[in-house]
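Report on the structure given below.
Every read-out reported here was derived from the displayed coordinates using simple, explicitly stated rules and does not represent laboratory data. Note that this is a predicted model, so its numbers are computed, not measured. Cβ placement follows ideal geometry from the backbone for every residue including glycine, while neighbour counts extend to all protein chains displayed.
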Amino acid sequence: MQKILKIGLAGKTNAGKSTLINNLVGETISIVNKKINTTEELIKGIINIGKNQLIFNDSPGISFSKSTENKSKKLKKNLWEALNDCDLILYIIDSKNNDYNELKNNINKIKELNKEIIIVFNKNDLIEKKTILPKIKKIYNEIGIENFFSISAKKKLGLVNLKKFLLKKTYSSSWIFNEDVVSDRDDIFITNEITRNTILDLLNQEIPYNIIIKNKYFKFLKNGDLKIKQELEIQNNRYKKIIIGRNGSKIRDLRIKSQKIISKTFNTNTHLYINIITKNAKKI
Ligand SMILES: Nc1nc2c(ncn2[C@@H]2O[C@H](COP(=O)(O)OP(=O)(O)OP(=O)(O)O)[C@@H](O)[C@H]2O)c(=O)[nH]1
Ligand SMILES: [Mg+2]
């Protein structure tokens, strides 16, 4: 009999949720960046172990400061959707940067969903492990959470224990995904996301959060190469100038960097073309 468990990942932006999903699944499913609000969409990562299928729902982190109001709404909606559609919630905490009151507030909100919450202290490679213990006691006494893990998603420490715990929680039900599937997202989605991540790396402030990336062409050529055309849609001509850069240097760097990461991800030579278009641009 097949068994499943749907796990929702919650936590502040930058806590390491996407890093955890990628390193559990063993492939880049969700992009990782040191900037805030990296994950925008709902993304599932799947691992099958024996009869068990573990389905992880990545979600946008709680706290949406640099986004526009519309974007913020979308992130919030996606966060609650990810948490609604799960059996159990892993609340990821950055062990180094956290604030108890904020944590308490966030967990109290999530508690309203009436699901088991497990707290995962991530980035334990950056701290003295004993500093976590008093925090665990306080959370246990004051917020009533009973299960805690300490991991480093980046260095893959503590992941085996976490997986073992989750495997014990699976219940009888047919698998939702086929055996060879590792994500609910396709190749076009991940290539758009790679370009979005490159933009997060190369452009500052609010600009990355105001670019819509669209795929216009995606094809594996006869010789195995991958040809991709993407369109960056922006609504402000001032941004266009910045994205293009002096003599086109910025957009060239962006294209080359994204192309390189796509080539590595798909293990094939990639030809990436990027076009910028402005839509309903405000005249300045
Ligand atoms: N040192 C260390 N860094 C980590 C660890 N896990 C994640 N990071 C880093 O933390 C940053 C944020 O990681 P993400 O996985 O993008 O965080 P997230 O929670 O998905 O963030 P949002 O998508 O914005 O909500 C990246 O620079 C990661 O490399 C860890 O265990 N140790
Ligand atoms: Mg993320």
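Step through the table entries 96/135; 12/123; 96/163; 34/96; 96/138; 3/164, compare each Cα-Cα distance with 18 Å, and write down the pairs that go over it. From the list (96/135; 12/123; 96/163; 34/96; 96/138; 3/164), the Cα-Cα distance tops 18 Å for 96/163. Distance from the C-alpha centroid of region 110-173 to that of region 230-284: 39 Å, rounded to the whole angstrom.
What FRET efficiency, computed as 1/(1 + (r/R0)^6) with R0 = 35 Å and r the Cβ-Cβ distance, is obtained for residue 280 and residue 201, rounded to the nearest 0.05? Spell out each step's value before the answer.
Working: r = 27 Å, r/R0 = 0.77.
After rounding to 0.05, the efficiency reads 0.85.
Charges were assigned to the Cβ only: +1 to each Lys and Arg, -1 to each Asp and Glu. The resulting dipole of the chain about its Cα centre is roughly 900 debye.
Could you identify which residue out of 256, 62, 92 has the top mean-square fluctuation in a GNM of the chain using Cα springs shorter than 10 Å? Its mean-square fluctuation being the largest, the pick is 256.
Of the GluC sites (Glu not before Pro) found in region 95-155, those that fall in a DSSP loop while having at most 13 other beta-carbon atoms within 10 Å are 112, 128, 146. With distances taken between every two different alpha-carbon atoms, region 3-172 has a Kirkwood hydrodynamic radius of 16.1 Å. When each of 173, 95 is scored by the number of other beta-carbon atoms lying within 10 Å, the sequence from fewest to most is 173, 95.
On the basis of the beta-carbon distance and an R0 of 41 Å, residue 115 and residue 267 show a calculated FRET efficiency of 0.60. For a paramagnetic label modelled on residue 100 (point 7 Å from Cα along Cα→Cβ), amide N atoms under 16 Å away belong, within region 137-181, to 137-145. Computed extension gain for residue 85 through residue 176, at 0.36 nm per residue and net of the alpha carbon distance, reaches 31.5 nm. For residue 164 and residue 132, a Förster radius of 22 Å and the Cβ-Cβ distance give a FRET efficiency of 0.65, rounded to the nearest 0.05. In plain terms, the chain from residue 27 to residue 212 could stretch by 64.2 nm, reckoned as 0.36 nm per residue minus the Cα-Cα distance. From least to most packed, judged by other beta carbons within 10 angstrom and beginning with the fewest, 182, 120 follow the order 182, 120. The modelled label-to-label distance for the pair residue 186/residue 140, using points 7 Å beyond Cα in the direction of Cβ, is 4.9 nm.
Hey, which of these cross-link pairs are over 29 Å Cα-Cα: 156/229; 74/111; 154/229? As for pairs spanning more than 29 Å Cα to Cα, those are 156/229; 154/229. Put in order of Cβ neighbour count within 10 Å, fewest first, the listed residues 252, 196, 185, 246 become 246, 252, 185, 196. Remark: for residue pairs 6/219; 76/250; 51/130; 17/77; 109/279, the C-alpha separation exceeds 28 Å in 6/219; 76/250; 51/130; 109/279.
Here's the picture: a label point sits 7 Å out from the Cα of residue 225 along the beta-carbon direction, and within region 235-271 the residues with their amide nitrogen under 11 Å of it are 269-271.
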